[in-house]
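Working notes for the structure below.
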Amino acid sequence: MNRKTVRIAMNGVTGRMGYRQHLVRSILALREQGGLDLGEGTVLWPEPVLVGRREHALREIADRHGLSDEHISTDLAAVLADPTIDIYFDSQVTSAREEAIKQAVAAGKHVYTEKPTATGLDGALELARLAHAKGVKSGVVQDKIFLPGLLKLKRLIDGGFFGRILSVRGEFGYWVFEGDWQEAQRPSWNYRAEDGGGIVVDMFPHWEYVLHELFGRVKSVQALTATHIPQRWDENGKPYDATADDAAYGIFELDGGAVAQINSSWAVRVNRDELVEFQVDGTEGSAVAGLRNCRVQHRSATPKPVWNPDIPATYAFREQWQEIPDNTEFDNGFKAQWELFLEHVYADAPYHWDLLAGARGVQLAELGLKSSTEGRRIEVPEIAL
C-alpha cells in the first residue's frame with residue numbers, strides 16, 4: 001500500500017465551523033479511518049497545518065488532537081511559501097478570505113474554501129479567473145447537497161417521482177439570542193454589515209447551489225430583507241447596533257418554470273421538524289426534505305382536503321406522508337465533499353463545485369440585496385470565466 005501524504009493549510013479553524021466540521025469531522029476523521037483510499041493501492045494521508053492569528057488558540061487545538069508544533073503557524077505567507085503544502089483551505093471571516101485566496105493561488109496551491117468566496121461578484125469572479133489562469137484546482141463548500149435529506153430528495157428527482165416540478169418552498173432559521181441575558185449562538189460580526197455580516201450574504205449562496213443543483217439555474221430574484229432585532233450584545237457583553245439583515249424573504253424563478261420561495265431568519269422560533277425544510281410540489285407527487293429526513297405524498301395517495309372552518313380537523317396532515325428510507329449509510333456532508341475534492345486533486349476525478357460555482361452564490365446574494373433595496377425583481381444573468 002502506497003501512502004501519499006497531503007499537507008493542507010487550514011486557515012480559520014479556531015472558528016466554530018472550521019473547527020467542528022472541517023478539521024474534526026472531515027480531515028481528522030479521514031485520518032481516523034486510515035486515510036482516503038484512491039484505489040490501485042494508493043491512500044491519501046491528510047496532514048493539517050493550522051493557520052491563524054492567535055497562536056495560543058491554535059496550540060490548544062493542536063494539543064487536544066495530538067498535533068505537534070510543526071502543525072501550527074501564525075505566518076500565512078511562510079506557510080504558502082512552503083513547497084510541501086499542497087492545498088490551502090479557508091474558513092475565515094468573509095472580509096479576510098478574498099486576499100488570502102489570492103495569495104494561495106499566486107503560490108500555486110489548490111484552493112478549497114468556505115463561502116461566500118468574496119464580498120462581491122467582481123472579487124469572486126477574479127478569484128475564479130486567477131485560479132483558472134494559474135492552473136490550480138479549486139473547490140467551494142456546498143455542504144447542504146451532501147446531507148441525507150437532500151440526497152434523498154435528489155434520488156426522488158432523478159427517479160422522476162415529481163413529474164413536472166411546480167414549486168419549492170423553503171423555511172430556514174432559528175432564534176439567535178440577542179446576547180444580553182443569554183449568550184448568542186453566532187458571532188457578533190454576523191450582524192454588522194461593515195464586517196461582512198448579514199443573512200443574505202450568508203444563506204443566499206447556499207440557496208443558489210441547492211436550487212441550481214436540484215431544480216435548475218436561478219433566473220431571477222425578488223427579495224425583501226429586514227433587521228428585526230436592531231440591537232444585540234457582543235462576546236464581551238457590550239451592546240452594539242445590528243447593521244446587517246437578520247431575515248430575508250426571497251422568491252426565485254428557476255429554469256424550467258418552477259418557482260422557489262425561501263424564508264431565512266435568525267429571528268424565528270422553530271416550529272418544524274428540522275432547522276431547514278424544503279417542500280417540493282410536482283404534478284405527480286410532493287416531498288418535504290430536511291437535513292436528514294424526507295417525507296413524500298404521491299398523487300395516488302393524496303387526500304382530498306375540504307375547507308371547513310366551522311368544525312375541528314378530524315385528521316393529522318403530517319400522518320398522511322410516507323417517510324423515505326435511508327437505504328444507505330450517510331457520512332458527514334462536509335467530509336463527503338472533502339473526499340470528492342481530494343479525489344479531484346489527486347486522481348483527477350470529475351468535480352464542478354469550483355470557484356466559478358462559488359461566484360454564482362456571491363452573485364445571487366448581491367442581487368438579492370439589490371432587489372430589496374430597489375423593491376423590484378432582478379434578472380440573474382449567467383456568468384462565465
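The values are calculated or read from the model by the stated rules, or taken from the named source; none is laboratory data. These numbers were taken from a predicted model, which means no experiment stands behind them. Every residue, glycine among them, receives a Cβ derived from its backbone with ideal geometry; neighbour counts consider all protein chains shown. Side chains included, ligands, DNA and RNA excluded: accessible areas come from the protein's heavy atoms. Shrake-Rupley method; radii C 1.70, N 1.55, O 1.52, S 1.80 Å.
Residue ranges 163-173, 137-147 sort as 137-147, 163-173 when ordered by packing (mean number of other C-beta atoms within 10 Å per residue, highest first). As a rough guide to protection, the peptides 89-97, 372-380 ranked by mean Cβ packing within 10 Å, highest first, stand as 89-97, 372-380. So if the hydrodynamic radius of region 43-118 is defined as the Kirkwood radius over C-alpha pairs, what does Stokes-Einstein give as its diffusion coefficient at 4 °C and 1.567 mPa s, in µm² per second? Rounded to a whole number, D works out at 99 µm²/s.
Placing +1 on each Lys and Arg Cβ and -1 on each Asp and Glu Cβ, with no other charges, gives the chain a dipole about its Cα centre of roughly 540 debye. Legend: residue pairs 115/152; 102/370; 154/219; 152/370, Cα-Cα distance threshold 31 Å; pairs beyond threshold, 152/370. Estimate the FRET efficiency between residue 74 and residue 43 by the formula 1/(1 + (r/R0)^6), using the beta-carbon distance for r and 41 Å for R0, to the nearest 0.05. It comes out at approximately 0.85.
Sorting 114-124, 214-224 by their mean Cβ neighbour count within 10 Å, with the most densely packed peptide first, gives 114-124, 214-224.
Dividing the Cα radius of gyration of region 173-263 by 2.2 N^0.38 Å, with N the residue count, gives 1.26.
With the alpha-carbon atoms of region 253-385 aligned to their principal axes, the span from lowest to highest coordinate is 60, 46, 32 Å, starting with the largest. Per-atom-type breakdown for region 185-275 gives carbon and sulfur 47% of the accessible area (1.4 Å probe, protein chains only). For region 300-363, the fraction of 1.4 Å probe accessible surface lying on carbon and sulfur atoms is 54 percent. Note on residue 84 and residue 56: their simple-model spin labels are 2.9 nm apart, each label 7 Å out from Cα toward Cβ. For region 270-310, list residues with backbone N below 13 Å from a point placed 7 Å from the Cα of residue 322 toward its Cβ? The answer is 285-287, 295-303. Remark: the chain carries 47 Å² of accessible area per residue (probe radius 1.4 Å; ligands, DNA and RNA excluded).
Note on region 75-211: the C-alpha convex hull projects to 11.7 nm² when averaged across all orientations. Extending 7 Å from the Cα toward the beta-carbon at both residue 370 and residue 99 defines two label points whose distance is 2.6 nm.
Ranking 385, 80 from most to least accessible surface, computed with a 1.4 Å probe over the protein chains only, gives 385, 80.
One way to sum up the overall shape of the chain is the equivalent ellipsoid from its Cα gyration tensor, whose semi-axes run 36, 26, 21 Å, largest first. Between residue 180 and residue 249, the C-beta separation translates, for a Förster distance of 22 Å, into a calculated FRET efficiency of about 0.25.
Indicate the gyration tensor shape class of region 1-156 (rounded, prolate or oblate), computed on the Cα atoms with a ≥ b ≥ c the square roots of the eigenvalues: a/c under 1.5 is rounded; otherwise a/b larger than b/c is prolate and the rest oblate. It is rounded, given that a/c, with a ≥ b ≥ c, falls under 1.5. Per the Cα gyration tensor, region 328-385 maps to an equivalent ellipsoid with semi-axes of 33, 15, 8 Å, ordered largest to smallest.
A DSSP coil position with no more than 13 other Cβ atoms inside 10 Å describes the following GluC sites (Glu not before Pro) in region 11-99: 40.
Find the relative contact order for the chain and round it to a whole percent, using C-alpha pairs within less than 8 Å whose residues are 6+ positions apart. Reported relative contact order: 20 percent.
Extension gain, residue 269 to residue 377, is 36.0 nm, computed as 0.36 nm per intervening residue step minus the present C-alpha separation. In region 100-142, the portion of solvent-accessible area held by carbon and sulfur atoms comes to 48 percent [1.4 Å probe, whole percent, DNA, RNA and ligands not counted]. Using only the Cα atoms of region 137-224, build the gyration tensor, take square roots of its eigenvalues as a ≥ b ≥ c, and label the shape rounded, prolate or oblate: rounded if a/c is under 1.5, else prolate if a/b is larger than b/c, else oblate. Note, shape of region 137-224 comes out prolate.
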